[in-house]
Amino acid sequence: MPKLTSENQIIQFLQRRYPAKSALLKKGIGDDAAVMRFHQREEYWSVTTDMLMEGVDFRREWTTPRQLGRKSIAVNLSDLAAMGARPRFYTVSLAIPPDISKNWISEFYEGLAAPESSKGAQLIGGDLSRTEHGIAISITALGESLNGKVLYRSGGRAGDLLYVTGTLGRSAAGLRLLQTGCVNPRSRSQREALQSHQMPEPRCEAGIWLAQCGYVDCMMDLSDGLSMDLPRLCAASGVGAGNGVGAEIRLADLPIFSESRQWGCDPVECALHGGEEYELLFAVKSAKRHLFEKNYPSSFPKVTQIGKMTGAAGKIWITGPGKNRRKLPEQGYDHFRKSQSCSEKSARERRCPG
């Protein structure tokens, strides 16, 4: 058997090895969440699981237990948002080393279960264990569709217009601050960057609206960065399941976090390759563009059209100034690319830059 060296390869291997088939299963391995329908019930249920590992996904010196609790549930709710599902329930498995105090545990769960974190989902169980090698968190979240409508990564078509919510690259800029020892921000932009990385905001309300509006063909969240997740969206879409489409992205239209230049970041590179965004990437029918932009609620996070889907399956292009075009390299986050572990990125300075 050939060696599996990337997250995508492992997922594809598991899809082939375990092709679950059931009249109750609508979508299995390969999307933001699995989707099931229970017998004659009208609504679908989405189920997703995410892990956070100390030294890989977070460092205790960079985050409070309350912040960690909020981030832990957010990464799961973002998957439900990508399906257009309403958060309903979740379970938490927590493995902790001996030096963790009762107060730390209490703060972690308070951050996780706070109304602004859980978005109405209820904690219904989980597991506790001991570890000798850092904190490990695993959360399983369940969400319910509205009016039987669910969005998948599949469904996009050549000619569809690509949009994202919010600003791209802010979380990556926040990570850069932490890597340089900036835990206490000096400016508004630094506060925004750190908050985006430490306490991301899942786009639950926007995801539900996008699934209901009838203008959107496919959607996913940007947990691993645009350059990693856009090819996944394209590969899942096309005329037939798995046929795939391509995409063209305009650099000038990316909603970048330009303030990060102040502490040595390249905002465009952060927007293309920065992970842990938890913004939504989705495709709108070109004929519905004006209706979509007219009716999208102004109270929701802003949306930006960044490009379109094309008929060139697997070809992802970015267009820069002067219509210069180049292929988009997949440089977002991959759990099995060893050098990306945040535990291996040293904090060289002990003050906030800028």
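Tabulate in residue order the Karplus-calculated ³J(HN,Hα) for region 181-187, using 6.51 cos²θ - 1.76 cosθ + 1.60 with θ = phi - 60°, rounded to whole Hz; enter x for Gly and Pro.
Each residue of region 181-187 in turn: x, 8, 9, 10, x, 9, 9 Hz.
Give the long-range amide H neighbours of I316: residues separated by 5 or more places, or on another chain, with amide H under 5 Å away, using H modelled in the peptide plane at 1.01 Å from N.
Excluding prolines and chain starts, which carry no amide H, the hits are A247, L328.
Among F58, F38, F292, which comes first, second and so on when ranked by fewest other beta-carbon atoms within 10 Å?
Result, fewest neighbours first: F38, F292, F58.
Expressed as a rounded percentage, what relative contact order does region 161-333 have, with Cα pairs under 8 Å and six or more residues apart?
39 percent
What is the Cα radius of gyration of region 161-333 over 2.2 N^0.38 Å, N being its residue count?
Against the compact-globule rule of thumb, the ratio is 1.03.
Would you please put 315-327, 275-287, 206-218 in order of how densely packed they are, using the mean number of other Cβ atoms within 10 angstrom per residue and starting with the highest?
Values: 315-327: 12.7, 275-287: 23.3, 206-218: 21.2.
With the highest mean Cβ count within 10 Å placed first, the list reads 275-287, 206-218, 315-327.
Most exposed first by the Cβ proxy, i.e. fewest other Cβ within 10 Å, how do D266, D224, D50 rank?
By the 10 Å Cβ count, ascending, the order reads D266, D50, D224.
Among L68, L52, L230, which comes first, second and so on when ranked by fewest other beta-carbon atoms within 10 Å? Can you show the working numbers first?
On the way: L68 24, L52 16, L230 27.
Final ranking by Cβ density, sparse to dense: L52, L68, L230.
Would you mind checking K119/K285; K119/K288; K102/K302; K149/K323 for any pair whose Cα atoms are more than 32 angstrom apart?
With Cα atoms farther than 32 Å apart: K102/K302; K149/K323.
Using the Cα atoms of region 39-198 to build a convex hull, what is its mean projected area in square nanometres? Provide the component values of the computation, followed by the final result.
Working: hull surface 48.7 nm².
Mean projected area for region 39-198: 12.2 nm², to one decimal.
Here, each number is a calculation from the coordinates, and none is a lab measurement. Treat the numbers as computed from the prediction; the structure is a model and nothing was measured. Because the Cβ atoms are built from the backbone with ideal geometry, glycine has one as well, and the counts that use them run over all protein chains shown.
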